[in-house]
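To keep things clear, I will list the structure first and then write my remarks on it.
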Amino acid sequence: MGSSYFLSSVIKWQSFTKLKLFSLFCAFSLSLNGVASFDSDKSVLLQFKNSVSDPSGLISGWNLISTNHCHWNGVSCDANSRVVSLNITGNGNYRGKKSGGGGAILCSGDSIELSLYGFGIRRDCKGSKGILMGKLVPLIARLSELRVLSLPFNGFLGLIPSEIWGMEKLEVLDLEGNLVSGSLPVSFSGLRNLRVLNLGFNRIEGEIPDSLSRCDGLEILNIAGNRINGTIPGFAGRFKGVYLSLNQLGGSLPEDFGYNCEKLEHLDLSGNFLVGGIPSNLGNCGNLRTLLLYSNMFEEIIPRELGKLGKLEVLDVSRNSLSGSVPPELGNCSALSVLVLSNMFDPYQDVNGTRGNGLLDHLSSMDEDFNFFQGGIPADVMTLPKLRMLWAPSATLGGMLLSNWDSCDSLEMINLSHNFFKGEIPHGFSRCNKLRYLDLSSNGLYGELLEEFRVPCMTVFDVSGNALSGSIPSFYSSSCPPVPSTIEYPLNIYDPSSAYISFFAYKAKAGSPTMSLGRNGEISVFHNFGDNNFTGTLQSLPISPVRLGKQTAYTFLAGDNKLSGPFPGILFENCDGLNMMIVNVSNNRMSGQIPANMGPMCRSLKLLDASKNQIAGTIPPSVGELVSLVYLDMSWNLLQGQIPSSLSQISGLKYLSLTGNRIVGSIPSSIGKLQTLEVLDLSSNLLSGEIPNDLVRLRNLTALLLNNNKLSGQIPSGLANVTLLSIFNVSFNNLSGPLPSSNNLMNCSSVLGNPYLHPCHVFSLASPSPDSPGRASEAQSYTSPSGQSQKNRSGGFTSIEIASIASASAIFSVLLALIFLFIYTRKWSPKSKIMGSARKEVTIFTDIGVPLTFENVVRATGSFNASNCIGNGGFGSTYKAEISPGVLVAIKKLAVGRFQGIQQFHAEIKTLGRLHHPNLVTLIGYHASETEMFLVYNYLPGGNLEKFIQERSTRAVDWRILHKIALDIARALAYLHDQCVPRVLHRDVKPSNILLDDDFNAYLSDFGLARLLGTSETHATTGVAGTFGYVAPEYAMTCRVSDKADVYSYGVVLLELLSDKKALDPSFSSYGNGFNIVAWACMLLRQGRAKEFFTAGLWDAGPHDDLVEVLHMAVVCTVDSLSTRPTMKQVVRRLKQLQPPSC
């Protein structure tokens, strides 16, 4: 038994000893592995250092002398000295701020360009002093314990190695603001623990792969500012932050995006090409804080379901194609602080240039929004307790402004300009104590301003372009908040609402007059009362004492009113307390004289426009002490005396206009010292003496107007060498001598009324009286010096007669040449150029129930007899033909010989024959041979729209009929543009190409013929297809056609349909050359006189708001910017929303 016990003990000990030895071996092995891994990570870091360029020495401390790599810059380790984080932030300046991929802009914490980007993830790199450059090397993947790889704002380029996509433990991959290229992998083996994928502002292309859906822990996806295309996958909705802005994404936002979005806090899809509607199930994303959808092509309405987003702070849907009403449910978004419904400037304008992405140029070119909303802004939205900013200019909003503003304690910025709001400005605005920006310009507001409005405290107050009356009051300003910072508001890129307010304030300032005059750092205060009906005298300038100071630039605009009282009154009483002052009180009734001490009163005055008033007296010499002045316009007053030579002391003066006064004496030669002067207008005065030679020193001069004076002597020959001079007029003076040669700048038309000036002595005009300078531009009759044509002293002909004879001879020669060419080509032109069949066949597309043959057509039209002709147009003549009793068709006979090949004609016309729409004239068939060509259409008995417009005075105006016609044609064009493959462009939309039936259904004719017949078929004619007055300007100038050219033409037709004017109505001649129905509509809308546009009886017959909205839409169809014009599909949608009730 003892031996058994011993044996058992030995076995236990041996077992224990083996176990202990095994444990020691394992520990020793682990220790060796730890040392190996320690050395391996250090080796990888050193190899990484050797693979990059480090000009600023960011990682210069990585070396063998410093033995512990865990203490190296940007390196973090775990307890086993394994590298778990590699975090080196650059400063973004790898190729300069203006040419990189966005790194420098992103990296600057106080940069304004990308203020609206990266809410929730935005950071700066102010502490970084350099960058790393080179390619990402695969060996980084050998850091097997790495959790964080963060190398933002450096200069890494090329592809992300596949080995990095295979790292198992990596949680953060952050390469924002580099030059990384390639595409996101369709599949990868690692990154199962990935939480953050930040590749924003690189050069990555391709689509968003489904492989990212397998990253179950992914919370942040940022691939903004790349070249990603394709569509947005639905799985992206499950992330916490999704940043896809400034890419090339298209299609619609998938419905399933909102099915699993409980975690989503920030969604930025701005600056893409997304279409369709905004999904209503985004309302399921209950934690959403910012929703940025601007600068896309979203259509339809703002979903009311967004009202369920109780945590939403920022909603920006501007620069899309939205319509409908603003849903009152948004009033349930209790945290909403910023609401942007429309926006007239491009938030990405300063960014696209740095990215070099041509596909996004359309964003930069869009100067106008195209959201068409109905009605007003619901009261529940306007009174949101946390609302700081409401921005909705040019959004076709209307109605009365909210009267109750008890809950506006947070409001700082309101922009409702260029809408259709009416009524008085609510008294409640006076209770908005934080309100600093209020723009209500270009609406239909009336009534008087209240003294309680906190105008002196506002940096922007704009009520111009309304119908306000009464006096401009002395506003209360006892308790203004502190003066804002140099960019209006402190920039806070980490708080979404503060970032929005800073950015929009900066953009508003960038468009102010102070910026155009070269100032940037000051506080800009802008008060605009212009273009109203204000009367009385100015009591005080509406600027608070706390706003005064050498850092403030103040703009006061009150032109185009009925203000009276002495000039300058109180205008300059606080001028010296400002850094800069801009004043416009033009076109009023101010009188008095310019004070003798004008200069010392306001040395900070930068711009003064007091033109078109009743200011009398002389210009005092002290005006020369206005040393800051850049722009001075005192034209069309009652000024007398001489021009003071002291004006030459204003060294920075660029614009000087004293036209239309009674100034006498000579032009001071000292004006030649104004080296910055660009415009000098002294016309329509009583100036005498010679034109000073010193004016040739004005090398920046672009316009010199001295006409309608009493100047004598010669024109200085040196003016011909002023290279920038493009406008020159010295007509109606007593000048003599030769006319300087200057590349057609100085020609006879610019020196009219100077009978002793050579070589223009054969022209003499009766100069208007200096006592009535306002008539200087009226037409004058041409006479010879003696009042009649005379032979010259040698008995020869005058130069006029010689020119007439030469012109007649040239015309006769050209006619002879044309006749000869016609005979020659008819005789020798080979018949192979018309390769069609001579058989008399008619190709049928639509059966009309009776035989349709060539012989039937010829018989029914009486061999195309003029008695059956019902219309003539650019494409040919149209004849009425009764093929059989009761069966009428319209035959459009085309000119033979217009085509290079009949086979091409057959192919093109068959394409048109397949087009069918209820509002297109039906192409029944056609015939094409060597001798005859015609098209067969269905006959419409109601004539064309041109005839309808001409004859509507004989019938009662019915808004329903006009609306129906407008909608019918819009539907036809939308079909051609959007549903035909390939799309069909009409290129000649006009009233005569719109036909009507007996029930006033409208049908578009001649579609596709412009392409079929080329461009020479048009009458009236331009060098392109189309008709004067209806041709889009970009088409006329470049011959480049698009669907937006049809939209322009449709807009002109719609304007004709609403008014009693033609596109180029003779009544427009009084407005000058180039004035058309588009300019007339814009003028009346701008002046608040829309009622005057509509044809007699229409304003009384139709709903006023709807009429004005349709007028506004027609004008938008005709704007110069192609990207701003709507599509015809959008026009159809809008017209349907304005559908009048049926009988």
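Filtered by the rule that a residue be modelled with pLDDT under 95 and β-branched (Val, Ile, Thr), the range 181-203 gives a lone residue, Val186. Looking at Gly286, Gly237, Gly230, Gly276, just one residue is under 22 Å from Ser318 (Cβ atoms) and of a type outside the set (S, T, N, Q), and that residue is Gly276. Number of residues in the range 878-905 that are in contact with a strand residue (DSSP E or B) (Cβ under 9 Å, 6 or more places away or on another chain), at pLDDT below 85 and under 21 Å from Asn856 (Cβ atoms) equals 2.
Under the condition of being acidic (Asp, Glu) and crowded, with 19+ Cβ neighbours inside 10 Å, the residues counted in the range 1041-1067 number 3.
State yes or no: is Phe453 of a type in the set (Phe, Trp, Tyr), touching a Phe, Trp or Tyr at 6+ places or on another chain (Cβ under 7 Å) and part of a loop (DSSP other than H, G, I, E, B)? Yes: the conditions hold for Phe453. A Cβ distance below 9 Å, combined with a sequence gap of six or more or placement on separate chains, defines the contacts here; from the range 905-924, residues that are at negative phi reach residues that are buried (at least 18 other Cβ atoms within 10 Å of the Cβ) and of a type in the set (Asp, Glu) in the pairs Pro918/Asp968; Asn919/Asp968; Val921/Asp1006.
Here is a yes/no grid of residues against (1) of a type in the set (Asp, Glu); (2) more than 22 Å from Ser321 (Cβ to Cβ); (3) in contact (Cβ under 8 Å) with a residue 12 or more places away in the chain; (4) in a helix (DSSP H, G or I):
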site: Asp1046; (1), (2), (3), (4): yes, no, yes, yes
site: Lys1062; (1), (2), (3), (4): no, yes, yes, no
site: Leu1085; (1), (2), (3), (4): no, no, yes, yes
site: Gly1088; (1), (2), (3), (4): no, yes, yes, no
site: Met1113; (1), (2), (3), (4): no, no, yes, yes
site: Val1116; (1), (2), (3), (4): no, no, yes, yes
site: Asp1120; (1), (2), (3), (4): yes, no, yes, no
site: Lys1129; (1), (2), (3), (4): no, no, yes, yes
site: Leu1135; (1), (2), (3), (4): no, no, yes, yes
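If you scan the range 395-420, which residues turn out to be under 18 Å from Ser325 (Cα atoms), at pLDDT 85 or above and not in a strand (DSSP E or B)? Matches in the range 395-420: Ala395, Leu397, Leu401, Leu416, Ser417, His418, Asn419. Can you tell me which residue within the range 45-59, out of those that are of a type outside the set (Val, Ile, Thr) and under 19 Å from Asn93 (Cα atoms), is surrounded by the most Cβ atoms within 10 Å (Cβ to Cβ)? Among them, the one singled out is Leu58. Look at (1) out of contact with any Asp or Glu (no Cβ under 8 Å at 6 or more places or on another chain); (2) in a loop (DSSP other than H, G, I, E, B); (3) of a type outside the set (Ser, Thr, Tyr); (4) crowded, with 19+ Cβ neighbours inside 10 Å and you find that Ala236 fails only one, number (2).
Here is a yes/no grid of residues against (1) touching a helix residue (DSSP H, G or I) at 6+ places or on another chain (Cβ under 8 Å); (2) of a type in the set (A, V, I, L, M):
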residue	(1), (2)
Gly134	yes, no
Phe156	no, no
Trp165	no, no
Glu168	no, no
Leu175	no, yes
Leu179	no, yes
Leu184	yes, yes
Phe188	yes, no
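For Ile570, the conditions (1) surrounded by fewer than 22 Cβ atoms within 10 Å (Cβ to Cβ); (2) touching a residue at least 40 places away in the same chain (Cβ under 8 Å) are fulfilled apart from (2). Mind listing just one residue for me: the one in the range 442-463 that is crowded, with 21+ Cβ neighbours inside 10 Å and of a type outside the set (A, V, I, L, M, F, W, C) and, of those, nearest to Val525 (Cα to Cα)? Of everything passing the filter in the range 442-463, Thr459 is nearest to Val525 (Cα to Cα).
Scanning the range 562-577 for residues that are over 11 Å from Asn613 (Cα atoms) and either part of a loop (DSSP other than H, G, I, E, B) or not assigned by TED's automatic domain parsing to the domain that holds Leu608 (or both) turns up Pro568, Gly569, Ile570, Leu571, Phe572, Glu573, Asn574. A single member of Ser485, Ser477 is modelled with pLDDT under 80, assigned to a loop (DSSP other than H, G, I, E, B) and more than 30 Å from the chain's Cα centre (by Cα), and it is Ser477.
Assess whether Val1047 counts as being touching an Asp or Glu at 6+ places or on another chain (Cβ under 9 Å) and modelled with pLDDT of 85 or more. The answer is no for Val1047.
Residues of the range 409-436 that are hydroxyl-bearing (Ser, Thr, Tyr) and either in contact with a helix residue (DSSP H, G or I) (Cβ under 7 Å, 6 or more places away or on another chain) or under 18 Å from Pro378 (Cα atoms) (or both): Ser410, Ser417. Residue count for the range 931-965, restricted to those that are part of a loop (DSSP other than H, G, I, E, B) and surrounded by fewer than 16 Cβ atoms within 10 Å (Cβ to Cβ): 4. With respect to the conditions (1) hydroxyl-bearing (Ser, Thr, Tyr); (2) within 27 Å of Glu625 (Cβ to Cβ); (3) surrounded by fewer than 17 Cβ atoms within 10 Å (Cβ to Cβ), Ser648 falls short on a single one, namely (3). The residue that is surrounded by the fewest Cβ atoms within 10 Å (Cβ to Cβ), counting only those in the range 651-664 that are outside any strand (DSSP E or B), of a type outside the set (A, V, I, L, M, F, W, C) and touching a strand residue (DSSP E or B) at 6+ places or on another chain (Cβ under 7 Å), is Arg662.
If the Cβ limit is 6 Å and pairs must be 6+ apart or interchain, which residue in the range 667-683 that is closer than 17 Å to Leu711 by Cβ pairs with which residue that is of a type in the set (Asp, Glu) and in a helix (DSSP H, G or I)? Taking only residues 6 or more apart or on different chains, the pairs are Ser669/Asp694; Gly672/Asp694.
The numbered conditions (1) more than 19 Å from Phe239 (Cβ to Cβ); (2) modelled with pLDDT under 95 are all true for Lys308 except (2).
Selection of first residues in the range 53-82 that are farther than 19 Å from Leu149 by Cβ and of second residues that are of a type outside the set (Gly, Ala, Ser) and loosely packed, with under 15 Cβ neighbours inside 10 Å, restricted to Cβ pairs under 7 Å at least 6 apart or on distinct chains, gives the following pairs, ordered by first then second residue: Ser56/Lys129; Gly61/Asn73.
The values are calculated or read from the model by the stated rules, or taken from the named source; none is laboratory data. These figures come from a predicted structure and were not determined experimentally. Methodologically, a virtual Cβ is constructed for each residue, glycine included, from the backbone with ideal geometry; neighbour enumeration extends over all protein chains shown.
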